[in-house]
Amino acid sequence: MHQNATEIVPLQQSEGRQSSYAESIALPQRAGHLSWIAQTGLALTQCRTAADALSTIAARLDAAPFLLRGYVILLEDDTLRVRRAVSFGKAPALPVALSLSGGLCGTAIAQKRVVASSTSGSALMSWERTLATDAALICAPFTDDRAKGIIIAALPDGVHDDVEMRACLQAVAALAGATFNRATECEAQLLKGMRQIEQAHTERLALVGRLTAALAHEINNPLQAIANTLYLLQHRPLDDEKRQRYLAMAQQETEHVIAGVRRMLDLYRSSGQEKRPVALHRVIDQALHQTHDILNDRAINLCREWTSDDLRVLGFTGHLRYACYNLILNAIYAMPKGGRLTIRTYRQVEGATHLAVAEFADTGVPIDDADLHRLFEPDGPVRGEANGIELPLSYSVIEQHNGTLTVHRHGNEMVFRVSLPAINS
C-alpha cells in the first residue's frame, strides 16, 4: 500500500457561482502528464452525449500509466446514488442501485476535494475495498451546473509522486465536469427539439383528421346533388331544356367539389412550410373571393371597415385563408335569407404587444349567451345551415398561430374576433 499521500487543499468557491470541485487547477509538472491531459481534453471536445463522455474519459484513464483500474461515476442530481457508471482497467462491476454515501467517495464529495485512502482516515466501503486490493485509492469529485460525479482509481504500487498524480486526476475531473455539463445541455436541447417535433407531428395529424372531416362535409352535399342529377338524366325522359339545366347543375356542383379539394390541398401544402409574413387584408380578400358566388346567391350585403394600416402577421398563408374562409362561410350559413356581413380590421396595442385584429360580424342566427363558449367545440351548437366544422377548424388554426378567436353578441350581430400577434408596428 502506498503511504506517502498528502491531501490537496480544498478548492475555493467563486463568489456568486455554484460550488465547483475544480475552480482552480494545480496542473502537473511532467511533460508526459501535461500531454496526456491535453489529449484527454481534445478527445472530450468531440463528445456530444453523457454516454460518449463517460466512455471517452474511461478510455483515457485506462491509457494512463499511473492508474490501475477504477470508475467514472455520474450521480443523481440531489443524492449520492449512482446514475451512470463506467469502469476502466478491468475493475469489477459495481453493485446495482449503489449509493456513495460513506466511504472514500462520500468523503471526497462531502469535502469537495481530492482525497486518497492512505490519508483520508475514512473506512472503505466493501466495493471500494475490492477495488483497492493491494493498492491505494484516489478520488477526484467534480460538479457543474448540470452534472455531479466522481472519478475513483487505484494507484499502482510504487508510485511516489502523489501530488503529481492528484493534479492529473483533478485536471481530468475538471474536464469531466465541464464535458458532462455541456453534454447534458446538448441532450436537453435535443430532447426539447424532439418533443417539439413530436408535438408538431401530433398537431399535424390532428389537423389532417379535422381536414378530413371538413372535406367530407364540404363535398358530401355537392356529390349527392350530382348523383341525383345523373339519376334523373339516366332514368327520366327529359326535354333538351331540362337536360341542359340538369347538366349545368351537375357542372356547378362538380366545380364546388373541385374548389373544396383545392382548398384542402392548399392548406395541407402550406402546413409543411415555414411561417412567413402574411398580409392579413390580402388573406381576407382571397377568402372573400372564394365565397363570392354564394354571398351573391344569398343576397348578403358585404361591408368592409378596414384600417389603412398594413396589418401583417407571421403564419401559414393557406391556413389563415382557410380560417377566414370558414368564418365567412359560418356567417353565410347563418343567413339563409340574406343579411349583412361586416368585416372590420384594426390594430390593437396592449402594452408592448401589437395585435392585428379582424372582426367578422353578421346579422344571422343568434346563439344564446350561455352557449357561446361551445361554438368552437366539435359538438357545439350549429348556426343555421352550418355543418358544425367551420368554427372548430378556424379556432384550431388561429390557436396554432398564437392568436385567439372569440365571439360575442353586439346588438343584432354575432361578432367573431380574430386577434393575431402583429409583426409590424
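The values are calculated or read from the model by the stated rules, or taken from the named source; none is laboratory data. What you see is a predicted model; the values in this text were computed from it and never measured. Virtual Cβ from ideal backbone geometry, glycine too; neighbours counted across all protein chains shown. All accessible areas refer to the heavy atoms of the entire protein, side chains included, with ligands and DNA or RNA removed. Shrake-Rupley method; radii C 1.70, N 1.55, O 1.52, S 1.80 Å.
Take Asn402 and tell me if it is within 25 Å of the chain's Cα centre (by Cα), among the polar types (S, T, N, Q), outside any helix (DSSP H, G or I) and at pLDDT 90 or above. Considered against the rule, which asks whether it is within 25 Å of the chain's Cα centre (by Cα), among the polar types (S, T, N, Q), outside any helix (DSSP H, G or I) and at pLDDT 90 or above, Asn402 comes out as yes.
Suppose we filter Arg347, Arg340, Arg374 for residues that are more than 19 Å from Leu420 (Cα to Cα) and within 35 Å of the chain's Cα centre (by Cα); which single one remains? Steps first, please.
Values: Arg347 fails: more than 19 Å from Leu420 (Cα to Cα); Arg340 fails: within 35 Å of the chain's Cα centre (by Cα).
Selected residue: Arg374, the only one of Arg347, Arg340, Arg374 that is more than 19 Å from Leu420 (Cα to Cα) and within 35 Å of the chain's Cα centre (by Cα).
Counting only strands (runs of 3 or more DSSP E) that fall entirely inside the range 33-151 and contain at least 3 residues that are over 18 Å from Thr184 (Cβ atoms), the qualifying elements are 69-75, 136-143. Checking each residue in the range 356-377 for being open to solvent by 40 Å² or more (accessible area, probe 1.4 Å), part of a loop (DSSP other than H, G, I, E, B) and not β-branched (Val, Ile, Thr) picks out Pro366, Asp368, Glu377.
Taking the conditions exactly as written (surrounded by fewer than 22 Cβ atoms within 10 Å (Cβ to Cβ) and not small (Gly, Ala, Ser)), does Tyr333 satisfy them or not?
Working: surrounded by fewer than 22 Cβ atoms within 10 Å (Cβ to Cβ): yes; not small (Gly, Ala, Ser): yes.
Considered against the rule, which asks whether it is surrounded by fewer than 22 Cβ atoms within 10 Å (Cβ to Cβ) and not small (Gly, Ala, Ser), Tyr333 comes out as yes.
Pick from the range 179-208 the residues that are within 22 Å of Lys275 (Cα to Cα) and open to solvent by less than 50 Å² (accessible area, probe 1.4 Å): which of them is modelled with the lowest pLDDT? Once the filter is applied, the top-ranked residue is Leu207.
Being open to solvent by less than 80 Å² (accessible area, probe 1.4 Å), within 25 Å of Ser419 (Cα to Cα), at pLDDT 90 or above and part of a helix (DSSP H, G or I) narrows it down to one of Leu302, Leu267, Leu288, so name that one. Let's see the steps before the verdict.
Details: Leu302 fails: part of a helix (DSSP H, G or I); Leu267 fails: at pLDDT 90 or above.
On inspection, the qualifying residue turns out to be Leu288.
Report, by residue number, each residue of the range 46-61 that is open to solvent by 20 Å² or more (accessible area, probe 1.4 Å) and within 14 Å of His33 (Cα to Cα). Of everything in the range 46-61, just one residue is open to solvent by 20 Å² or more (accessible area, probe 1.4 Å) and within 14 Å of His33 (Cα to Cα), namely Arg60. Counting the residues of the range 150-178 that are closer than 20 Å to Val82 by Cβ and either out of contact with any helix residue (DSSP H, G or I) (no Cβ under 7 Å at 6 or more places or on another chain) or modelled with pLDDT under 85 (or both) gives 3. Can you confirm whether Leu420 is surrounded by 18 or more Cβ atoms within 10 Å (Cβ to Cβ) and in a strand (DSSP E or B)? Judged against the criteria, Leu420 is a match.
When the range 125-150 is examined, which residues are found to be without any contact (Cβ under 8 Å) to a residue 24 or more places away in the chain and over 46 Å from the mean Cα position of the chain (by Cα)? Those that are without any contact (Cβ under 8 Å) to a residue 24 or more places away in the chain and over 46 Å from the mean Cα position of the chain (by Cα): Arg129, Ala132, Thr133.
Count, please, the residues in the range 93-107 that happen to be surrounded by 15 or more Cβ atoms within 10 Å (Cβ to Cβ) and over 16 Å from Val72 (Cβ atoms). Don't jump to the end; show me each part of the working.
The initial filter retains those residues of the range 93-107 that are surrounded by 15 or more Cβ atoms within 10 Å (Cβ to Cβ), namely 94, 98-100, 102-107.
Checking which are over 16 Å from Val72 (Cβ atoms) leaves us with 99, 102-103, 106-107.
Qualifying residue count for the region: 5.
Within the group Arg312, Arg282, Arg298, which residue is of a type outside the set (S, T, N, Q) and free of Cβ contacts under 8 Å to residues at least 24 places away in the same chain? Outline the logic, then answer.
Working: Arg312 fails: free of Cβ contacts under 8 Å to residues at least 24 places away in the same chain; Arg298 fails: free of Cβ contacts under 8 Å to residues at least 24 places away in the same chain.
Exactly one residue qualifies, and that residue is Arg282.
For the range 378-399, the candidate set comprises residues that are of a type in the set (D, E, K, R) and outside any loop (DSSP other than H, G, I, E, B); within that set, the residue that is most open to solvent (accessible area, probe 1.4 Å) is Glu399. For the condition over 39 Å from the mean Cα position of the chain (by Cα) and open to solvent by 10 Å² or more (accessible area, probe 1.4 Å), Lys90 qualifies.
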